Amino acid sequence: MLVLSRRPGERLLIGEAVEVTILAVRGDQVSLGVSAPRDVPIHREELLERIRRENRRAARLNGSGEQSSDFTNPYRPLPYQRQPVPTG
Amino acid sequence: MAPDLPGTAAHLLQSRRFGPLEAPAERLVHFPAGLLGFEELTEFLVHAPEGLHPIRFLVACADPEIAFPILPAALCAADYAPQLPAEVRPLLGAGPADPLEVLALLTLVPETGTLHANLRGPVVINAATRRGCQVVLHDSPYSLRHLLGAG
């Protein structure tokens, strides 16, 4: 991983089209501004991870009522489920 | 049975849950980016099992044991009207006025036995081009686990 130190007001360019500006640093929070083409999705990683987890649950929900394989058994403990997931 | 030639319309999928499933081209949807966590699965059959209407399943063609139950999102929450990110319509080959199907994936939470709909990461399908994608809604009031009822 490339590690860079930046100050508020400074920028990073990723490729030719993506620009990240450090807007402010307050305590343990960093405000970033991201400019990117419209076809480049920008996501908060934790939301993606929560949707991935919901997708795995959805894949396990069995329409026939059978639990014919581990994958379709909704009651199988999720290997990555270490703590309750907040709803929201 | 006729040999399953590549490119024939009625390709057959085998699923332990659903049995043999005909997969004609008109019921297949291409997800260029897959679904989150399942990026390698890009072709899905839209399967409507008898007796489960309006629930349908997205059955992965490459692994038919993997199937995602879906429900039109508007049936989950009457006022559901998410702002889709700008990249969605071009990705699905849809013009600004073309109709898109917005679907919620259903999940069962085993701890509570409740059935939920994911309204935060809806699946959007353009039936005209048979392309689909999963959309991530940031800064949105919709729930990742919208309660539908006891499962």
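Ordering B:PHE44, B:PHE57, B:PHE18, B:PHE38 from the fewest to the most neighbouring beta carbons within 10 Å gives B:PHE18, B:PHE38, B:PHE57, B:PHE44.
Reported to the nearest whole Å, the Cα centre-to-centre distance from the range B:85-151 to the range B:22-46 is 15. Computed on the range B:40-115, the Cα convex hull volume stands at 153 Å³ per residue. Label-to-label distance for A:LEU32 and B:ALA128 is 3.6 nm, based on points extended 7 Å past Cα in the beta-carbon direction.
Take the Cβ atoms of B:HIS138 and B:GLU40, set R0 to 25 Å, and the FRET efficiency comes out at 0.50.
When you look at the Cβ of every residue in A:42-52, what mean number of other chain Cβ atoms sits within 10 Å? The partial results should precede the final answer.
Numbers: counts 3, 4, 3, 0, 0, 9, 4, 2, 7, 13, 7.
Shielding by partners across A:42-52 averages 5.
Less than 10 Å Cβ to Cβ from B:LEU144, Lys/Arg counted +1 and Asp/Glu -1: what total charge do the surrounding residues give? Charge balance near B:LEU144 sits at +3. Taking all Cα pairs closer than 8 Å and separated by 6 or more residues, the relative contact order of the range B:11-147 comes to 20 percent.
No solvent, one uniform scatterer per C-alpha: report log10 I(q)/I(0) for chain B via the Debye equation at q = 0.11, 0.14, 0.18 1/Å, two decimals. Log10 of I(q)/I(0), two decimals: -0.44, -0.71, -1.14.
Any read-out appearing in this document is the output of simple, stated calculations on the displayed coordinates, not a laboratory observation. Everything numeric in this text was worked out from a predicted model, so none of it was measured. Using ideal geometry, Cβ is built from the backbone for each residue, glycine included, and neighbour counts are taken over all protein chains shown.
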